[in-house]
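All remarks here apply to the structure that follows.
The values are calculated or read from the model by the stated rules, or taken from the named source; none is laboratory data. Values in this document were obtained by computation on a predicted structure and should not be read as measured data. Backbone-built Cβ (ideal geometry, glycine too); neighbour counts: all protein chains shown. To get the accessible areas, we keep the full protein, side chains included, count just its heavy atoms, and leave off ligands, DNA and RNA. Shrake-Rupley method; radii C 1.70, N 1.55, O 1.52, S 1.80 Å.
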Amino acid sequence: MKPYLIELKDISGHPVGGKASGLASLVQMGLAVPEAFVVVNAIPGVYPDDLEARYGAMGYGQVAVRSSAVGEDGVDASFAGQYETILNVEGFDALRVAIDQCVASLESHRASAYKAQQFGDVPVTMSVVIQRMIQPRAAGVLFSVDPVSARRDRLVIDAVTGLGEQLVSGEVTPDHYKVDLAGKVAQHDLAGDQAILSVTDIDALVAGARKAVRVSGHELDMEWAIDTHGQLHWLQARPITALPADLNEFDTPIDQPDDVWTRCNIGEMMPGAVAPLTLSVTGWGIEHGMQDMQVKYGVEPAIVHQRIHIKNAFGHFFINLSATAPAASRIIGVDLQQMARAICGRELPELKAPAKAPAWVRIRNFIRMVRYVLAIPKVIAAFEPKLNAFVIEPRDNSIGMLDEIDQKFDFYLEAYDVHMQSSAGSGFTEGILQRMISQSDVATAEEQAEAARLLQGAEGVESAILVKMLDESVDAIAKVPSAKERFWKAEPASAYAWLSSPEAGKAREVFEAFMARHGHRGYRELSMETPCWADDPLPLVQIMQASIAARFSTNVKAGAIQHAKVDMASLDAAVRWFLPKAHAAVRRREQTKSYLAKATNHFKRAYRRVGELLEQEGRLPDSGLVFFLTREELRDLAANADEVLVKQALLRREALPYQERLEFEDVVIGFPEPVVLSARGLGDDGVLVGRPVSRGVVEGFARVALTLEEAAGLQPGEILVAPITDVGWTPYFSLIAGLATDVGSAVSHGCVIAREYGLPAVVNLRSATRDFKTGDRVRLDGDHGTLTLLHREGDVA
């Protein structure tokens with residue numbers, strides 16, 4: 001077909017390519033676009049008869065000549081930078097040369113490779129856009145979403161003075177702006193002393209881009225220029241390809257603008273971002289447990305099927321502390337700031353209690369709360385045989401399997417109710433003990449440390465037994481002559497195979513005993529997508545290898561439970577009477593946490609079975625996508641194949657790594673916004689202050705570990721500095737000399753284990769993982785709640 005000309009307004013139905021189509025769409029939207037026309041089906045050396053006349057109508061002035069290949073700048077592939085754009089073309093001869101250059105770029109090495117990847121052998125034709133040049137005061141690019149973080153609540157603008165080509169080629173550093181959904185600049189980084197864009201410029205760019213996204217239905221990558229008169233012109237618009245799902249897809253709305261949300265406590269249960277199945281299943285389990293507690297206290301009339309206490313933002317769980325506040329106004333003796341200390345490890349002045357209920361209501365609810373706490377032993381005793389007998393029967397089709405899960409789902413909710421009741425009892429007794437020691441609502445660091453000392457010695461704590469049995473397993477492995485080569489230096493899969501073989505001897509028996517009792521535990525153990533140690537033992541094997549490596553390389557045996565016995569005779573009579581009850585509450589809390597993990601594991605396996613069946617039935621391309629659908633969506637997919645839903649699940653899987661990189665303040669007012677967490681600074685004395693939760697003072701080298709993988713480098717005697725610790729970190733406690741965490745409270749999992757091992761521990765340091773680094777020599781003071789820098793790694797002594 002011979003090349004021919006067409007105006008932007010007339011291109012419908014013509015094979016003009018992506019760039020021309022994008023410009024035509026902007027024109028139809030009423031956005032300002034420099035005058036342009038299109039050469040359709042351009043061929044080198046062959047030009048439309050009316051080309052010179054049309055160019056002459058532009059005054060023979062400078063134009064931009066841009067490639068517009070069919071398939072370019074589409075939803076599925078952008079071809080950005082693959083084809084040619086020639087700027088400042090002036091004169092008819094130069095125009096023809098530029099057109100030929102654009103067509104020739106169709107077969108360039110880089111474009112051919114990209115084209116083959118996207119379209120295979122399908123022929124691609126080239127059209128060319130001739131557009132009047134703008135001599136800009138400023139130019140640049142705009143992304144309607146942040147292409148780096150994939151945040152759709154951020155619009156990104158990069159601006160340079162003069163032509164935007166300087167930006168595209170990387171010749172200059174642009175001003176960089178991030179704009180929130182309200183149109184406010186949330187972040188800006190200027191390349192020079194003066195901003196290139198005014199507030200008016202930014203407002204015009206944001207308004208135009210959001211109109212284009214709304215009309216087109218796609219997130220867009222746009223090029224723009226602002227002329228010397230301040231007029232904004234749009235030069236290009238193409239869909240942003242390869243975006244993951246919306247990071248905010250499953251956000252729960254905030255109830256009141258001044259609601260206080262926190263990652264404390266729930267961040268220990270569920271660190272990091274989680275997949276949609278966990279948001280819908282585990283999230284409702286936690287919510288049900290909290291509502292059940294409020295109903296039994298008399299604070300709320302009934303459980304309602306909506307998220308009141310547990311909120312989602314960017315794939316992360318938060319507790320809505322403001323929803324728990326009514327308990328302080330409806331139960332006599334319940335102090336709101338004591339609740340804050342129990343959950344967050346510190347008081348929260350921003351947390352406000354509602355007006356107090358009448359005295360008779362508060363007294364009645366106090367009696368109900370006491371009954372709730374006193375009933376815990378009976379509740380656990382009744383739940384244990386049900387857990388031991390519980391089973392989810394496998395089915396041979398996905399609908400049948402989901403029916404089986406739904407029929408058993410009330411048991412899952414009961415497991416959360418039981419653990420929430422047990423946890424409430426532990427917090428209740430810890431609060432009473434603290435008050436008995438401090439004799440006031442506010443405890444000093446020394447009084448907090450004394451309460452922590454008295455909580456030591458709660459023998460039979462399940463989590464401490466876990467560590468003890470794992471240590472015994474590692475000890476048994478170390479005694480096998482071939483362990484150094486066959487276990488320590490082997491790949492985790494090979495090491496596990498050896499440990500499961502007769503060659504491992506007694507070590508195999510000891511390890512099997514550990515797995516029989518604790519195999520249902522693991523990192524992020526309440527997350528549906530994370531297998532327990534029994535189903536995926538390799539993460540546990542890696543931890544054991546780190547422990548073995550430390551023993552072989554240093555000849556240091558792991559620590560043992562070594563807390564000092566409390567001299568009961570020296571205590572006040574009331575404390576002496578109450579302390580065994582506080583110890584029992586700690587034991588029960590850790591016991592029901594293990595029960596909850598065991599119950600959860602039944603459902604994890606059942607949902608994995610659903611995924612396998614959906615794959616067999618042709619509903620899912622791979623079984624792992626089951627975790628990227630909600631409980632309700634799985635029911636829909638099992639009933640009817642849905643390619644759109646499957647595609648969305650794939651995009652959600654791509655979104656999860658972006659969500660996992662996001663960080664938040666531990667306590668926020670209003671809807672949580674991701675932040676770049678920074679060090680608070682140690683000051684001249686090098687001291688960071690937190691809450692003491694296990695007594696003792698130790699000096700040593702810090703090991704800062706943000707993840708379990710980073711913790712694998714731990715050496716015996718180091719002080720572990722971590723954001724938070726759940727049961728997955730527990731096996732490392734026999735190696736460390738002390739524990740320091742950014743968040744936590746006296747009843748946090750890590751604190752319980754630290755007390756059982758006699759390890760000094762300080763929580764709620766808030767920025768320890770950023771103020772300290774691995775190799776720093778530090779002093780951890782569990783008597784006064786401080787972490788002190790003695791010598792910075794890398795400094796000259």
Isolated Cys residues of the chain, judged by Cβ distance under 4.7 Å to other cysteines: CYS102, CYS532, CYS751
Would you mind checking the tilt of helix 445-455 against the longest principal axis of the Cα atoms of the chain, expressed as 0 to 90 degrees and rounded to 10? 60
Length gained when the stretch LEU181-ILE669 is fully extended (0.36 nm per residue, less Cα-Cα span): 173.9 nm
Expressed as an acute angle from 0 to 90° and rounded to the nearest 10, what is the orientation of the C-alpha long axis of helix 276-297 relative to the principal long axis of the chain? 40
Cα-centre dipole for the chain with unit charges at Cβ (Lys and Arg positive, Asp and Glu negative), debye to 20: 2820
Compute the separation of the alpha-carbon centres of region 298-366 and region 468-490 and state it in Å as a whole number. 48
Please give the length that would be gained between THR444 and LYS378 if that part of the chain were fully extended, namely 0.36 nm times their separation in residues minus their C-alpha to C-alpha distance (nm, one decimal). 20.2 nm
Percent of Cα-Cα pairs per 10 Å bin, from 0 to the last occupied bin, for region 437-502, please list those. 17, 28, 18, 15, 14, 7
Mind listing the phi-derived Karplus ³J(HN,Hα) values for region 623-635, rounded to whole Hz, using 6.51, -1.76 and 1.60 with θ = phi - 60°, and x for any glycine or proline? 5, x, 5, 4, 7, 10, 10, 7, 4, 6, 5, 4, 4
On the formula 1/(1 + (r/R0)^6), with r taken between the Cβ atoms of ALA513 and ALA712 and R0 of 35 Å, the FRET efficiency rounded to 0.05 is 0.90
Could you let me know the centre-to-centre spacing of region 734-749 and region 179-219, using Cα atoms, in angstrom? 44
Charge context of GLN291, other residues only, Cβ under 12 angstrom, K/R +1, D/E -1: -2
Checking the table LYS581/LYS604; LYS468/LYS598; LYS468/LYS593; LYS184/LYS311 against a 23 Å threshold on Cα-Cα, which pairs fail? LYS581/LYS604; LYS184/LYS311
Against the longest principal axis of the chain, how steep is helix 538-554, in degrees 0 to 90 to the nearest 10, with axes from Cα atoms? 70
Quick one: Karplus J couplings for region 709-716, per residue in order, coefficients 6.51, -1.76, 1.60, θ = phi - 60°, nearest Hz, x for Gly and Pro? 4, 5, 5, 4, x, 4, 10, x
Cleavage-rule hits (GluC sites (Glu not before Pro)) in region 648-714: DSSP loop, at most 15 neighbouring Cβ within 10 angstrom: GLU663, GLU665
Tabulate in residue order the Karplus-calculated ³J(HN,Hα) for region 722-733, using 6.51 cos²θ - 1.76 cosθ + 1.60 with θ = phi - 60°, rounded to whole Hz; enter x for Gly and Pro. 9, x, 6, 10, 10, 5, x, 7, 3, x, 7, 5
Would you mind classifying region 197-300 by shape? Square roots of the alpha carbon gyration tensor eigenvalues, ordered a ≥ b ≥ c; an a/c under 1.5 is rounded, otherwise it is prolate if a/b is larger than b/c and oblate if not. prolate
Distant-in-sequence amide H partners of GLY738 (H built 1.01 Å from N, under 5 Å): LEU720
Express the Stokes-Einstein translational diffusion coefficient of the chain in µm² s⁻¹, to the nearest whole number, given a Kirkwood radius over alpha-carbon pairs, 25 °C and a viscosity of 0.890 mPa s. 81
Under 12 Å Cα to Cα from LYS506, which aspartates and glutamates show up? Leave out anything in the same chain fewer than 8 places away. GLU472, ASP475
For the ranges 757-766, 32-41, 171-180, what's the packing order if you count other beta-carbon atoms within 10 Å of each residue, average per peptide, and put the highest first? 757-766, 32-41, 171-180
For the full complex of protein chains and a 1.4 angstrom probe, list TYR523, TYR47, TYR297 by accessible area with the highest value first. TYR523, TYR47, TYR297
Straight-line reach check, LYS2, cutoff 12 Å on alpha carbons, 8 or more apart in-chain or any other chain, hits among aspartates and glutamates -> ASP49
Order of 390-403, 148-161 by packing, highest average Cβ count within 10 Å first? 148-161, 390-403
Using the Cβ atoms and a cut-off under 13 Å, what net charge is assigned to the surroundings of ALA382, where Lys and Arg are +1 and Asp and Glu are -1? -1
Put a dot 7 Å past each Cα toward the Cβ at GLU393 and SER570; how far apart are the dots in nm? 6.0
For PHE664, net neighbour charge (Lys/Arg +1, Asp/Glu -1) across residues whose Cβ lies under 9 Å away: -3
Listed by chain and number, the lysines with an alpha carbon less than 18 angstrom from that of LYS9, same-chain partners under 8 positions apart left out, are LYS19
Net lengthening on full extension, PHE409/GLN135 (0.36 nm per residue, minus Cα-Cα): 92.1 nm
Just to confirm my numbers, what's the Cα centroid distance between region 250-292 and region 1-59 in Å? 53
